[in-house]
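Here's the structure we're looking at; comments come further down.
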Amino acid sequence: MSEVRIADVTASHNGQPVLRGIDLHVPEGSTTVILGPSGCGKTTLLRVIAGFQAPDGGSVALGDDVVVGPGVWRAPERRGVGYVAQEGNLFPHLSVGANVVYGLDRAARRDTGRLGELLRLVGLDVGLADRRPDQLSGGQQQRVALARALARRPKVLLLDEPFSSLDAALRTSTREAVADVLRREGVTAILVTHDQSEALSMADQVAIMHDGHFSQVGSPAEVYDRPTDTRSAGFLGDAVTLTGRADAGTVRHALGVISVEHVPDGPVDVLLRPEQIALVAQGSGRPATVLSSTYFGHDALVALDLGIDPCDGEAAVVRARVRGQDVPPDGTVVSLQLLGEPLVFPHAGGAAVG
Ligand SMILES: Nc1ncnc2c1ncn2[C@@H]1O[C@H](COP(=O)(O)OP(=O)(O)OP(=O)(O)O)[C@@H](O)[C@H]1O
């Protein structure tokens, strides 16, 4: 396995720019998860790394090997890149075993020990080797696709929304099995997903993509706790954005007043996570009225009406996260308290200040 270094990669489709200067370092043996809205360029980046699409500029190196760059073009089959697509793309007419060893040299294809090892590695019973893919569940098919990609001992593994076609329960168990294989085998992997919990639970590093570039790259905790702008914050986890006004070292917003440093006077956005808003005993916090709740079992999000926000003269509504058994009925008047420090950004995007 090798580290991946991507430098200033640009790419387009039919003359339309899609990737606008991508830099990324994926350390050897680690998993980077790319998260971003539909159409922002995630698959295009994987295709450039795999060699299915030529970039307009920039370079990609796998270990010491530059596979594409100025004057360099390595064919996809010579890059040592494994690719697992959304649907697995198994050959429907071949058995599971034949799918896994497809593309290996003749000796390796005959080596049933190696086939058994690969199937066990991804948590599949060796007895499934003679079945056809349509005789397996969706989750089993994705594991076969992973075994096939790992069979060639790739330098790097690319996974493009590999769990998106699976139902919730199968998705979680397949994701855990794949994460376990990646860790145990020390695989260098880049995984694309739309699923925030997938990103937070599988990644050593999360890269948030918007409009063909990364707006933030960092550890899951960094990206969740210290997003660099309100858009990235909204993309990874639930976010509450309040308008506020900075004035001589303080920011006034709908839930109170906070002290800040280095924030120019004027309008700001105040960013919180719903778990930073606590419902406390009546009369001991800022009053609010429960509008509605969305129940998730272990927890719930409660929409709360704060009335007219004096900062902008508009109705302010925030969402707080509470335990599943603590959901207040709609219409109840509750008291709110802020936990921890909110982040402050210049109004309408930009880097965090204060
Ligand atoms: N073969 C193609 N020809 C023309 N345009 C394309 C082609 N493939 C992708 N695009 C366009 O390039 C942009 C980026 O597409 P890409 O598939 O990389 O996005 P994505 O972030 O992976 O999206 P999704 O999350 O929906 O899979 C989109 O606007 C898409 O319409």
- Task: Could you tell me whether Val251 is in a strand (DSSP E or B) and closer than 25 Å to Leu200 by Cα?
- Result: no
- Query: Which pairs have Cβ atoms under 8 Å, sit 6 or more apart or on different chains, and link a residue in region 159-170 that is at negative phi to one that is within 13 Å of the ligand (Cβ to nearest atom) and modelled with pLDDT under 80?
  - Reply: Ser165/Glu87
- Query: Out of (1) within 18 Å of Ala246 (Cβ to Cβ); (2) at pLDDT below 85; (3) of a type in the set (A, V, I, L, M), the odd one out for Ile308 is which?
  - Reply: (1)
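Only one of Leu136, Leu191 is surrounded by fewer than 20 Cβ atoms within 10 Å (Cβ to Cβ) and modelled with pLDDT of 90 or more; which?
Working: Leu191 fails: surrounded by fewer than 20 Cβ atoms within 10 Å (Cβ to Cβ).
Matching residue, one of Leu136, Leu191: Leu136.
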- State whether the residues of region 239-255 include one that is closer than 30 Å to Val26 by Cα, more than 16 Å from the ligand (Cβ to nearest atom) and crowded, with 18+ Cβ neighbours inside 10 Å. yes
- Message: Where the second residue is assigned to a helix (DSSP H, G or I) and the first is more than 7 Å from the ligand (Cβ to nearest atom) and lies in region 39-51, which pairs have Cβ atoms under 8 Å and are six or more apart or on separate chains?
- Response: Ala50/Pro76; Gly51/Pro76
- Task: Scan the helices (runs of 4 or more DSSP H) fully inside region 105-211 and keep the ones with 3 or more residues being more than 16 Å from the ligand (Cβ to nearest atom) and within 16 Å of the chain's Cα centre (by Cα).
- Result: 168-185, 196-202
- Message: If I filter region 1-38 down to residues being more than 27 Å from Ser201 (Cα to Cα) and near the ligand (Cβ under 8 Å from one of its atoms), which single residue comes out as surrounded by the most Cβ atoms within 10 Å (Cβ to Cβ)?
- Response: Val18
- Exactly one of Arg47, Arg74, Arg78 is of a type outside the set (Gly, Ala, Ser), in contact with a Gly (Cβ under 9 Å, 6 or more places away or on another chain) and within 25 Å of Gly212 (Cβ to Cβ), and that residue is Arg74
- Message: If the requirement is being over 23 Å from His194 (Cβ atoms) and of a type outside the set (Phe, Trp, Tyr), which of these qualifies: Gly36, Gly113, Gly41?
- Response: Gly113
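With more than 27 Å from Arg143 (Cβ to Cβ), of a type outside the set (S, T, N, Q) and surrounded by fewer than 21 Cβ atoms within 10 Å (Cβ to Cβ) as the only criterion, which of Val72, Val67 stands out? Outline the logic, then answer.
Values: Val67 fails: surrounded by fewer than 21 Cβ atoms within 10 Å (Cβ to Cβ).
Just one listed residue meets the conditions, Val72.
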- What is the one condition in (1) in contact (Cβ under 8 Å) with a residue 24 or more places away in the chain; (2) within 16 Å of the ligand (Cβ to nearest atom); (3) exposed (fewer than 15 other Cβ atoms within 10 Å of the Cβ) that Gly57 does not satisfy? (2)
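In the set Val33, Val18, Val68, Val9, which member is free of Cβ contacts under 8 Å to residues at least 24 places away in the same chain and part of a strand (DSSP E or B)?
Values: Val33 fails: free of Cβ contacts under 8 Å to residues at least 24 places away in the same chain; Val18 fails: free of Cβ contacts under 8 Å to residues at least 24 places away in the same chain; Val9 fails: free of Cβ contacts under 8 Å to residues at least 24 places away in the same chain.
Answer to the check: Val68.
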- Listed by first then second residue, the pairs whose first member lies in region 194-205 and is farther than 18 Å from Thr43 by Cα, whose partner is assigned to a helix (DSSP H, G or I), with beta carbons under 7 Å and at least 6 positions apart or on separate chains, are Leu200/Pro220; Leu200/Tyr224; Met202/Arg175; Met202/Ala179
- Message: Within region 176-188, take every residue that is at pLDDT 85 or above and surrounded by 17 or more Cβ atoms within 10 Å (Cβ to Cβ) and give me the one that is farthest from Ala147 (Cα to Cα).
- Response: Thr188
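The values are calculated or read from the model by the stated rules, or taken from the named source; none is laboratory data. Source: prediction; values computed, not measured. Counting neighbours? That spans all protein chains shown, and the Cβs are built from the backbone with ideal geometry, glycine included.
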